[in-house]
Ligand SMILES: [Zn+2]
């Protein structure tokens, strides 16, 4: 499925949009981490919670649950809080 | 009009203006519909839509020898009204030739009636300056008067604050507060277009105030040359109707959120980095706030500033102009705003995406978590 990467994580992926797979959010994040080692840690803390400055959206709806089921047609967008003005 | 004993007398707008100026007793009757009247009328005109004339004129103007000038938009409805009045026995009745359109075109002063019956005047220079707004049914005279009465606070006179404040000043926002404690640097000018090369070294609030006043002398620019702190935030925000967050650091963004929540003021939020921008509106009561979306800032090592990370110069232009748009809509009460929606913009793919935001019932700022901190 399509995954949109926020600017602060472009150092991992180089590109804004990548393809990754998984039937749940946890699997998708694992696949992303295989392709771009270290990226999962930037989004998820040691307690398997989405970090408070990162937000994950599935088809435009906010998702907090790593068990959330995903379909290959879904679009996942990751957002990081930005401060620049 | 052969066979018709009633001959309508028309009067030129210049003659009406002269009568009013000389203080000659003249009752002005605006026979347009209420929505036309509300978007601008002659000072002191009675609103009496044509359908109501026969029923109400004798109550409003009992003396049938009173000079009456009827007007509408272009002079047709008022001509018919004049016939009705003459048939009813009024002896001095005129229909204003060309109507309110001709009155405006000729540059005569007009006013917008406010809901409590008082009129807010708009000078002829203002009528020209804001003519394109006045043409829009969503704005008109009443809307422009709201903009002129509005008080907007721009936090930051940097990348976002530059385009935001320029467009708000151009739109005739009556009072613009600018909070910033920096001075203009050469490296700012790639994106901070309210400043110029000549203003390098000047306090940003002074540089911005000069530019905004030059663009539109109607705007009162309040320079607040300070850094927003927990001590001063409430006092500074309290004076304004709409807060625009164009700050460049997380500490200020959380301060703005918390102070605006306490005061019940809407915040138009935008943030940028690289080629990416985010925009939303936080508008208190029941809607998500900044802490609902991002409960904590990123650790410093994951959050480079624009200085470190770089930013496309035009990016704050796109986001800042969208902030100004949302502010103007909020003030006018028109359209749908971005409350509960985050607009994410990527300049490289030239794509806008809309993300639904959720209120956090346990939010430390607006939910049950408030007060625990
Ligand atoms: Zn909240």
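Taken together, the values in this text are just the output of simple stated rules run on the coordinates, not laboratory data. Please read all numbers here as calculations on a predicted model, not as lab measurements. Here the Cβ positions follow ideal geometry from the backbone for every residue, glycine too, while neighbour counts run over all protein chains shown.
The criterion of being within 13 Å of another protein chain (Cβ to nearest Cβ), free of Cβ contacts under 8 Å to residues at least 60 places away in the same chain and buried (at least 17 other Cβ atoms within 10 Å of the Cβ) does not hold for residue B:291. The condition (being in contact (Cβ under 8 Å) with a residue 40 or more places away in the chain, at the interface with another protein chain (Cβ under 10 Å from one of its Cβ atoms) and in contact with a helix residue (DSSP H, G or I) (Cβ under 8 Å, 6 or more places away or on another chain)) is satisfied by just one residue among A:70, A:82: A:82. In this entry, residue B:304 is excluded by the filter for residues that are crowded, with 19+ Cβ neighbours inside 10 Å and either within 11 Å of chain A (Cβ to nearest Cβ) or part of a strand (DSSP E or B) (or both). Residue check: residue B:296 meets all listed conditions (1) touching a strand residue (DSSP E or B) at 6+ places or on another chain (Cβ under 8 Å); (2) within 16 Å of the ligand (Cβ to nearest atom); (3) facing chain A (nearest Cβ under 9 Å) but one, namely (1). Condition (residue is within 12 Å of chain B (Cβ to nearest Cβ), buried (at least 19 other Cβ atoms within 10 Å of the Cβ) and in contact with a strand residue (DSSP E or B) (Cβ under 8 Å, 6 or more places away or on another chain)) applied to segment A:24-37: is it met by at least one residue? No, there is no match, as no residue in segment A:24-37 is within 12 Å of chain B (Cβ to nearest Cβ), buried (at least 19 other Cβ atoms within 10 Å of the Cβ) and in contact with a strand residue (DSSP E or B) (Cβ under 8 Å, 6 or more places away or on another chain). Do we find a residue being out of contact with any strand residue (DSSP E or B) (no Cβ under 6 Å at 6 or more places or on another chain) and farther than 30 Å from residue B:215 by Cα anywhere in segment B:121-132? Scanning segment B:121-132 turns up no residue that is out of contact with any strand residue (DSSP E or B) (no Cβ under 6 Å at 6 or more places or on another chain) and farther than 30 Å from residue B:215 by Cα. Of all residues in segment B:243-255, exactly one satisfies the criterion of being surrounded by 24 or more Cβ atoms within 10 Å (Cβ to Cβ) and more than 11 Å from chain A (Cβ to nearest Cβ), namely B:243. Looking only at segment A:6-23, decide whether some residue is more than 13 Å from the chain's Cα centre (by Cα) and away from chain B (no Cβ under 13 Å). Yes - at least one qualifying residue is present in segment A:6-23. Does residue B:312 count as over 24 Å from the mean Cα position of the chain (by Cα) and either within 16 Å of the ligand (Cβ to nearest atom) or facing another protein chain (nearest Cβ under 8 Å) (or both)? No, not satisfied. For segment B:331-370, what are the residues that are away from chain A (no Cβ under 12 Å) and either surrounded by 21 or more Cβ atoms within 10 Å (Cβ to Cβ) or within 17 Å of residue B:291 (Cβ to Cβ) (or both)? B:331, B:338, B:339, B:361, B:362, B:365, B:366, B:367, B:368, B:369, B:370, listed by residue number.
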